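The values are calculated or read from the model by the stated rules, or taken from the named source; none is laboratory data. For clarity, every value in this text was computed on a predicted model and none was experimentally measured. For neighbour counting, all protein chains shown are included, and Cβ atoms are generated from backbone atoms with ideal geometry for every residue, glycine included. Surface accessibility is based on the protein's heavy atoms, side chains included, excluding ligands, DNA and RNA. Shrake-Rupley method; radii C 1.70, N 1.55, O 1.52, S 1.80 Å.
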Amino acid sequence: RQPENRRRRLHKVLVAVFFASVFVVIVNRDTSSISATGAPLNISGTTAKDPPQSNLSINAGAHLQQSRPASTDSIVKVEQPLSPPQDGGASQLFGQLVRFPISDTEIVDAVYALPTEMAPDQWKGVALLLHGCSHSAFKFFSPHPQYCPECIGLPEQVRVAKTALQRGYVTLAISSIDQRSGCWHPSRDIPRVQQVLERFRMMLERTQWNVGFDYGSKFLRHVVAIGASSGGHFAGVLVSKRIISGGALIMISSLDGASKQRLMVDLNDGAHRGNHGKNDVFSPPIYFAPMPMDERTAMSVQGDIEDFNDKLRANNVQRSRLADTEESVSRQGHKIDSPFFMDISSCLPIQFDAAFLHERVPSLSLSNAEQIISALATGGEIRKVDSDQATQTSGGAVLDDTRALYQLAESPRHSGWWKTLVDGCSKSGCLGNAGTMQTMKPALMEIFQRVWGFHEYCSESVSPGLGFIQEWNGD
């Protein structure tokens, strides 16, 4: 009897487990249409409910409950800080988060800002900001509790967006579809970008503002892509495929073979010459800004420009002067004779001091910056530059001999600068509390990668790059 009783009890347990598993499956199926916030999804408009976290770009989920994305029906004029901080430190830049529903299952994160310091009829176009791998649209703008709680605002990206605004461009940053790596995949991202640009064009059109560019049928002629690394590569694809035709500023990247071939075909096609209205060359302008320390990328870009110019010469394109390679890579006093240009002076390594860090990193006081310099120098992570070599910082500004400048001892990607800094600031508190340290590390990392000058955003190239593009387009 005992074996029989055990069999009966086991049978009852198995039956109970079976029905419990069926119940779980039914419940999960019935709740699959519920968002991460517990509310039904509504993607017919973007303001009813926030999308689930799985549809957000990198780093967005932490602020999901606070998010108040703007409507896709109207443009919001974001109020910027009226003046830089009184202590002369880095100022913030705010953008408006908007979420574009492009299908029943996908919502695209974008952040935009308007050049409100000038009249709308002086606006030049739209600068499409394309992030690199491991980044997102949220890195180009500072966090704001109302406009964009998700925004992070890393120093170089903010300076890129700020410079574009100062040049008269509406800035629009979009996050890539690959939320895990943050890299761009043209076959999957191009349709998303096209839909977002069209939706954004309609938003501008509804304002009926008298802006300085056409937001009607010729809108894409006034869209300029600005990208770095993976974003720079993607900018080249967008221009070569004529997804946009205002031009591209490509940082720390060269063209892929297919993009180069498409541009070569356009240069070779006599039927297209003159359509762009500049020097009998039909090609949107492309301004390359590699970092000279990255010799492989710089040589690839230089080779592409030589091939483009050889093609132009072979076609006997009538222009005032076709720049030789040596001339085409000189930013000083150049003439606009070719739609392709390589900048070898803006993205050099930078010699820096405490004032430089204070001016670049938001919320970093000058006294804390001085303590950071002291800790890094004591730990051997930076070394003082001899006075006869301390001749320039960002942008090539000549300095007097009284400023003590420093340079990194090795690449910040491989050094122990953060541990050295944490140990050195343990008593002085120059990194702030645990909360500020979380934001200070990525901000300083980006700045140190920029001053090292091998593979990082280069905000110094934005103003000359957009100037080149505007001159070529006749703006």
For L249, list long-range residues whose amide hydrogen, built 1.01 Å from N in the peptide plane, is under 5 Å from its own amide hydrogen.
A225, I226, G227, Y287
If amide H atoms are modeled at 1.01 Å from N in the peptide plane, then the residues at a separation of 5 or more from C430, or on another chain, having amide H under 5 Å from its own are none
If you add up the charges near W452, with Lys and Arg at +1 and Asp and Glu at -1, over every other residue whose beta carbon is less than 15 angstrom from its beta carbon, what do you get?
-4
Provide K124, K384, K162, K441 ordered by accessible surface of protein heavy atoms (probe 1.4 Å), highest first.
K384, K441, K124, K162
Please report the net charge: other residues with Cβ closer than 15 Å to the Cβ of S229, K and R +1, D and E -1.
-3
Residue span I190 to K77: 0.36 nm per residue of separation minus Cα-Cα distance leaves a gain in nm of 37.9 nm
Integer Hz, Karplus 6.51/-1.76/1.60 couplings in order for segment 352-368, x for Gly and Pro:
9, 9, 5, 4, 4, 4, 4, 6, 9, 9, x, 6, 9, 6, 5, 5, 5
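Say R0 is 35 Å: what FRET efficiency, to the nearest 0.05, do S428 and R199 get from their beta-carbon distance? Mind showing how you got there, number by number?
Working: r = 49 Å, r/R0 = 1.41.
Here the calculated transfer efficiency is 0.10.
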Quote to one decimal, in nm, the extra length available between N210 and R313 on full extension: 0.36 nm per residue of separation minus the C-alpha distance between them.
33.0 nm
Carbon + sulfur, % of accessible area of segment 76-211 - ligands and nucleic acids excluded, 1.4 Å:
47 percent
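Would you mind getting the accessible area per residue of segment 88-242, heavy atoms of the protein chains only, 1.4 Å probe, in Å²? Provide the component values of the computation, followed by the final result.
Numbers: 5110 Å² over 155 residues.
Per-residue accessible area for segment 88-242 comes out at 33 Å².
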What are the residues whose amide H is under 5 Å from the amide H of G125, where those residues sit 5 or more places off or on another chain and H is modelled from the backbone?
V170
In sequence order, what are the phi-derived ³J(HN,Hα) couplings for segment 337-346 according to the Karplus relation 6.51 cos²θ - 1.76 cosθ + 1.60 with θ = phi - 60°, rounded to whole Hz, with x for glycine and proline?
10, 9, x, 10, 9, 10, 9, 10, 10, 7
Solvent exposure, largest accessible area first (probe 1.4 Å, DNA, RNA and ligands not counted), of K241, K419
K419, K241
Karplus-derived 3J(HN,Hα), 6.51/-1.76/1.60, for each residue of segment 422-429, Hz, glycine and proline x:
4, 5, x, 9, 4, 8, 7, x
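So if each residue of separation counts as 0.36 nm, and I subtract the Cα-Cα distance between S91 and S463, what length gain in nm does that give?
Values: separation 372, 0.36 × 372 = 133.92 nm, distance 1.79 nm.
Once the chain is fully extended between S91 and S463, it gains 132.1 nm.
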Cβ charges +1 (Lys, Arg) and -1 (Asp, Glu), total dipole of segment 141-279, debye
240 debye
